[in-house]
1. Using Cα pairs under 8 angstrom and six or more residues apart, how large is the relative contact order of region 46-183, in percent?
2. Given the DSSP H assignment, sum -39500 (n - 2.57) over each helix run of at least 4 residues in the chain and divide by its residue total; what's the result at 222 nm in deg cm²/dmol, nearest 500?
3. Quick one: plug the Kirkwood hydrodynamic radius of the chain (C-alpha pairs) into Stokes-Einstein at 25 °C, 0.890 mPa s, and report D in µm²/s.
4. How large is the dipole of region 119-230 about the Cα centre if only Lys and Arg carry +1 and Asp and Glu carry -1, each at its Cβ, rounded to the nearest 20 debye?
5. What Kirkwood hydrodynamic radius, in Å, does region 27-149 give when the mean of 1/r is taken over all pairs of distinct Cα atoms and then inverted?
6. With unit charges on the beta carbon (Lys/Arg positive, Asp/Glu negative), name the residue among TRP92, PHE181, TYR43 whose Cα is farthest towards the positive pole of the charge dipole of the chain.
7. In nm², what is the average projected area of the convex hull enclosing the Cα atoms of region 177-239?
8. Helix 266-276: angle to the longest alpha-carbon principal axis of the chain, degrees 0 to 90, nearest 10?
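The values are calculated or read from the model by the stated rules, or taken from the named source; none is laboratory data. Keep in mind that what you see is a predicted model, and the values were worked out from it rather than measured. Here the Cβ is made from the backbone with ideal geometry for all residues, glycine too, and neighbour counts use every protein chain on show. These area figures cover heavy atoms from the full protein model, side chains too; ligands, DNA and RNA do not enter into them. Shrake-Rupley method; radii C 1.70, N 1.55, O 1.52, S 1.80 Å.
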Amino acid sequence: AKAQGRNSMRMFDESMTRDSAERLRMENDLHEALERNEMRVFYQPQFEVATGRLVGAEALLRWCRPVQGMVSPADFIPLAEDTGLIVAIGAWVLREACEQASEWETRTGVPLRVAVNLSPRQLEAGHLVDHISHALQASGLAPSRLELEITESAIVRDTLSTAEVLSRLRALGISIAIDDFGVGYSSMSYLRELPVDKFKIDRVFLSAVPSSASDARLAAALIAMAHTLQVGLVAEGVETSEQLDFLRAHGCHEAQGYYLGRPMTAQDFEALIHAQVPG
Ligand code: C2E
Ligand code: CA
Ligand code: CA
Ligand code: CA
């Protein structure tokens, strides 16, 4: 038993070394990823529930590593946040998404909104408002066409200065959405005071709808809460027609999910816009 114990200890050490070596390699690669042109932005469509009209897209980052292939943001964003690289990468995503949305509007004549995820590190880094106004000016995108998604945890981290930054962004005409709404720290008191335009209900609340009555009640309560607070509402992770019916029945404004459209390249998204409008 003793020998086995030592053996499993060594295996543990080796796998730890392998993991940290891989992490180090990933970190080094991540430093160069932007310069090497390995980052891409995919776009997932968002629709108005009542009419089925395409209203916008969420910009989702993709990293195409030469050997490993496409890496999910879930696998490298935590590292990018730890190292602070997310500030440069996030700024790039913002510029890219604004340029893309402006280009679509020029080419299709359809004004759509683009939603960009903001890391708490970007909120803390300073000059965020300047960077964003610059991205808007350089791209020619109207501020009302840009939405920023911020998680609840980012907002509660530093409520006072975050609220100030959010207010300044809203003064420019940009809208603010609370991402992953419902899973974090929401309390009525801070939600009432925060300068936000929209809640984005996390997909965990929809995943068991309509099969689980208690989950359905919870999702309905979140929708009702948005109505009460008079903020916009988008449901993410819609995977079935039943879920969409549920959202329609409860008056959820907008929806996004695999059932409606997967994240896709900018080119595919432009084809989707053309397919929506006659002519
Ligand atoms: P998120 O902001 O909650 O984004 C939604 C995630 O759910 C996306 O995963 C999307 O592809 C996925 N999704 C969409 N519809 C469905 C569905 O019907 N079913 C299921 N099961 N999943 C669905 P993705 O693209 O892998 O992004 C993961 C997370 O990475 C995002 O979660 C966001 O927190 C982060 N992220 C992505 N892009 C950026 C970025 O540019 N900046 C920052 N800071 N974070 C980003
Ligand atoms: Ca998001
Ligand atoms: Ca989300
Ligand atoms: Ca989520």
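1. On the way: 166 pairs, mean separation 29.6, N = 138.
RCO, region 46-183: 21 percent.
2. On the way: 12 runs with 149 residues, N = 279.
One gets -16500 deg cm²/dmol as the mean residue ellipticity at 222 nm.
3. Working: Rh = 20.3 Å.
Taking Rh from Cα pairs, D becomes 121 µm²/s.
4. On the way: 10 positive and 13 negative charges, 43 e Å.
Using Cβ point charges on Lys, Arg, Asp and Glu, region 119-230 gives about 200 debye.
5. Values: mean 1/r = 0.0657 Å⁻¹.
By the Kirkwood definition, the hydrodynamic radius is 15.2 Å.
6. Final value for the positive-end residue is PHE181.
7. Numbers: hull surface 15.8 nm².
For region 177-239, averaging the hull's shadow over all directions gives 3.9 nm².
8. 30
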